[in-house]
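Colleague: My structure is below; once you've seen it, I'll send some questions.
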Amino acid sequence: MLYFWRIVTYIYRLIGGSGMKKYMTLSALVLASTLALAACGDEADISASDSNTDAEAEETNTDKESEDNSETEAEDGAEVDEGEEVSGFQIGDEVNFNDLSITVNSVDFSEGSEWEQPSKDKYAYIDITVVNNGDEDYTLSSLMQFELVTNEGRSQDITIVSDQDGELDGTIGAGRTMAGQVVFDVSEADYYELIFEEILLSGQAIWEIPNE
């Protein structure tokens with residue numbers, strides 16, 4: 001659902017101008033989005049990969065208390081109800097999202113360079129790997145499917161920088177992998193949350209991104 005309002009807002013900004021023409025264009029976009037939403041009732045199937053269990057079994061200290069904090073937090077290898085908001089994923093966790101396997105590999109922060117400066121406090125470079133385990137091609141859009149929010153729920157701006165190590169946009173063939181970075185212009189926060197959702201489906205996978 002959030003996907004449609006993002007694209008409406010994005011196109012609205014591109015149109016510019018004022019008056020009746022802009023109003024009619026925006027109205028048409030809202031109507032198209034509403035009709036599309038009415039046709040979308042499918043829910044995403046989200047779960048943590050079994051590989052996360054193998055990795056965490058090597059740790060000697062496990063935080064048992066955090067596992068009981070929320071019924072919607074992800075349990076390694078466990079299936080969850082479709083269409084839910086599934087949080088609790090950490091950097092390094094592999095998450096199954098329908099036919100995709102998504103891993104947040106790392107996060108790096110930068111205050112920019114002489115030539116490129118963030119409009120807020122710094123850039124967040126989030127390195128991600130996406131595997132298409134399905135039988136058909138999958139079209140990925142970082143702008144429409146990834147969102148970063150602060151611990152207070154404030155959305156951060158996605159951006160593109162010259163030293164970005166690959167992008168997560170385009171077609172992923174069946175059985176193939178895409179790796180790259182999603183970069184956000186961020187304000188200081190205690191921590192961030194990276195949200196992924198699939199176009200036309202309800203349900204979100206959420207990774208906690210520490211501010212380090």
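Bear in mind that the values in this text are calculations on the coordinates, not laboratory data. In this text, all values refer to a predicted model and were calculated from it rather than measured experimentally. Glycine also receives a Cβ, built like all others from the backbone with ideal geometry; neighbour counts cover every protein chain displayed.
Colleague: With each label point set 7 Å from Cα along the Cα-Cβ vector, what nm distance links residue 116 and residue 141?
Modeller: Result: 2.2 nm between the two label points.
Colleague: Could you work out how much longer the chain between residue 190 and residue 151 gets when fully extended? Use 0.36 nm per residue separation minus the Cα distance between them, nm to one decimal. Spell out each step's value before the answer.
Modeller: On the way: separation 39, 0.36 × 39 = 14.04 nm, distance 0.64 nm.
Residue separation times 0.36 nm, minus the Cα-Cα distance, leaves 13.4 nm.
Colleague: So what does log10 I(q)/I(0) come out to for the stretch 98-197 at q = 0.13, 0.18, 0.19, 0.22 Å⁻¹, using the Debye formula with one equal point on every Cα and no solvent?
Modeller: With no solvent term, the Cα-only Debye profile gives -0.47, -0.83, -0.90, -1.12.
Colleague: Would you mind computing, in nm to one decimal, how far apart the modelled labels at residue 108 and residue 164 are, each placed 7 Å from Cα along Cα→Cβ?
Modeller: So the label points at residue 108 and residue 164 sit 1.5 nm apart.
Colleague: Still on this model: Peptides 200-209, 110-119: what's the order by average Cβ count within 10 Å, highest mean first? Display every interim value, and only then the final one.
Modeller: Working: 200-209: 20.8, 110-119: 11.5.
Result, highest mean first: 200-209, 110-119.
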